[in-house]
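The values are calculated or read from the model by the stated rules, or taken from the named source; none is laboratory data. All of these numbers come straight from a predicted model, not from anything done at the bench. Here the Cβ positions follow ideal geometry from the backbone for every residue, glycine too, while neighbour counts run over all protein chains shown. Just the protein is used for accessible areas: all its heavy atoms, side chains included, with ligands, DNA and RNA removed. Shrake-Rupley method; radii C 1.70, N 1.55, O 1.52, S 1.80 Å.
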Amino acid sequence: MAISTRNDSLLTRSAAAVWHPCTQMKQHETLPLVPIARGDGVWLYDFDGRRYLDAISSWWVNLFGHANPDINAALIAQLGKLEHVILAGFTHEPVVELSEQLSALTGGKLGHCFYGSDGASAVEIALKMSFHYWRNGGKPQKCGFVSLANSYHGETLGALSVTDVALFKDIYAPLLRHSAQVPSPDWRLANHGETPREYAERCAEELERHLEQHHAETAALIVEPLVQGATGMAMYDAEYLRRARALCDRFDVHLIADEIMIGCGRSGTFFAHEQAGIAPDFLCLSKGITGGYLPLSVVMATDKVYAAFYDDSVARGFLHSHSYTGNALACRAALATLEIFRRDKVIEGNQEKAAYLNRAARELARHPRVKNFRHTGMIWAFEIDADDSTLARRFYQAALEHELLLRPIGNTVYFMPPYVISESEMDMLVTRTLEIINAL
Ligand SMILES: *Cc1c(COP(=O)(O)O)cnc(C)c1O
């Protein structure tokens, strides 16, 4: 592979000066970094014009393509007015407008927005708020959390405490606070002959047993609604969420919906929890909220939660902050993103795109080496039937050679493309994935 000096020098300098995320840096002795000069729609380009279809939306953040003209224009206009201002004691138009629009999208059920800078900080905020709510209500013993087996909620210490992915968690176990895990309703774990719904109901019974015993010391249940992303796109029946909501109500436990990955249309509805006809007490959003442009996260809370902090006592307030809380540029990018949803009727359009990709992927789904082909909204996933611990890396490299950015998780290959992907690009994604599988 001939690489230009510009590509080449960026690779060398990056490997020398940048500590890349989620990476054993030594692997870059043999696996070259991929230099990116620019993006356009679903495509990423290096300095030689080599291109890659961003089939994972740059770690699940991009919704409407790279260098999106509408989001660009909104940001340029905002830059001329206000880049950032402290949000303690001060306010600004983008943050107010965004909070109002997000609340309206929940039908007013979640009336207040608290801002952070990334997904993990949103999870920290939700956990702290839930604990503090019960404390303000005279129940300080409610300080434990329960999450689903194989869940992922981020990498900071509090978020990692409710995460259940061994690769990320085990090393840091001595630093973490204990949390409880209940069985995941992931339908791949169902018994033979058991439907995803039946399995979800069985898992909800386990949750019931757990809460019966532990509700007095449990503040909240935190879940990734419908799809557990980082464990490998585990999908489950919405019935689990309905039952979880009812159990949380019965046992006086908060329900935190971590929609950092699955929110903003990824599930097929704007919020994933809508598909269960429920509302959580806390909703965490990040990733796609700015269309993949800028770091921003938000924790939405019910008016009931908000009211529990509203008091003459300072200490009963939520004294949590991040320097860039409610950044004006990030909020503007989020508003431009919401505007595209409305203007282009994105949720409806995505249904057609998903139906197209499902048709295009028929052969892939039936391939003898493909197992558990599954789909929720704008996410597709399947396992490659192979006993090979290097599969993810080999697949990633082969994909790059086929102009695709795909990052399998273990043996799980998934597609999570930007919503602007065209039919011909979907065809290409599927055809080339088949070529890669056949050549493995
Ligand atoms: C990505 C993710 C997070 C963490 O978000 P960061 O911005 O990476 O800190 C939390 N929860 C879920 C479900 C995620 O997918």
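General remarks:
One line per residue, one yes/no per condition, for (1) among the charged types (D, E, K, R); (2) touching a strand residue (DSSP E or B) at 6+ places or on another chain (Cβ under 8 Å); (3) open to solvent by 20 Å² or more (accessible area, probe 1.4 Å); (4) free of Cβ contacts under 8 Å to residues at least 40 places away in the same chain:
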{"residue": "K287", "(1), (2), (3), (4)": "yes, no, yes, no"}
{"residue": "V299", "(1), (2), (3), (4)": "no, yes, no, no"}
{"residue": "R316", "(1), (2), (3), (4)": "yes, no, yes, no"}
{"residue": "S321", "(1), (2), (3), (4)": "no, no, yes, no"}
{"residue": "Y324", "(1), (2), (3), (4)": "no, no, yes, no"}
{"residue": "L338", "(1), (2), (3), (4)": "no, no, no, no"}
{"residue": "R342", "(1), (2), (3), (4)": "yes, no, yes, yes"}
{"residue": "I347", "(1), (2), (3), (4)": "no, no, yes, no"}
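- The strands (runs of 3 or more DSSP E) found wholly in region 239-339 and carrying at least 2 residues that are β-branched (V, I, T) occupy 297-301.
- Scan of region 35-74 for residues that are open to solvent by 50 Å² or more (accessible area, probe 1.4 Å) and β-branched (V, I, T), ordered by number: I36
Here's the yes/no breakdown for (1) modelled with pLDDT of 95 or more; (2) within 16 Å of the ligand (Cβ to nearest atom); (3) crowded, with 24+ Cβ neighbours inside 10 Å:
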| site | (1), (2), (3) |
| --- | --- |
| I222 | yes, yes, yes |
| P225 | yes, yes, yes |
| M235 | yes, yes, no |
| R245 | yes, no, no |
| D249 | yes, no, no |
| A257 | yes, yes, yes |
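- Cβ-Cβ contacts under 6 Å between residues 6 or more apart (or on different chains), taken from a first residue in region 389-410 that is under 21 Å from T231 (Cα atoms) and open to solvent by 50 Å² or more (accessible area, probe 1.4 Å) to a second residue that is of a type outside the set (A, V, I, L, M) and assigned to a helix (DSSP H, G or I), are listed as R407/Y396.
- The residue that is nearest to the ligand (Cβ to nearest atom), among those in region 114-136 that are within 21 Å of Y324 (Cβ to Cβ) and surrounded by fewer than 21 Cβ atoms within 10 Å (Cβ to Cβ), is D118.
- Residues within region 349-369 that are over 22 Å from the mean Cα position of the chain (by Cα) and open to solvent by less than 10 Å² (accessible area, probe 1.4 Å), tallied: 2
- The residues of region 413-440 that are surrounded by fewer than 20 Cβ atoms within 10 Å (Cβ to Cβ) and among the polar types (S, T, N, Q), listed by number, are S422, S424, T431, N438.
- Flag for Y356 being in a strand (DSSP E or B) and touching a residue at least 40 places away in the same chain (Cβ under 8 Å): no
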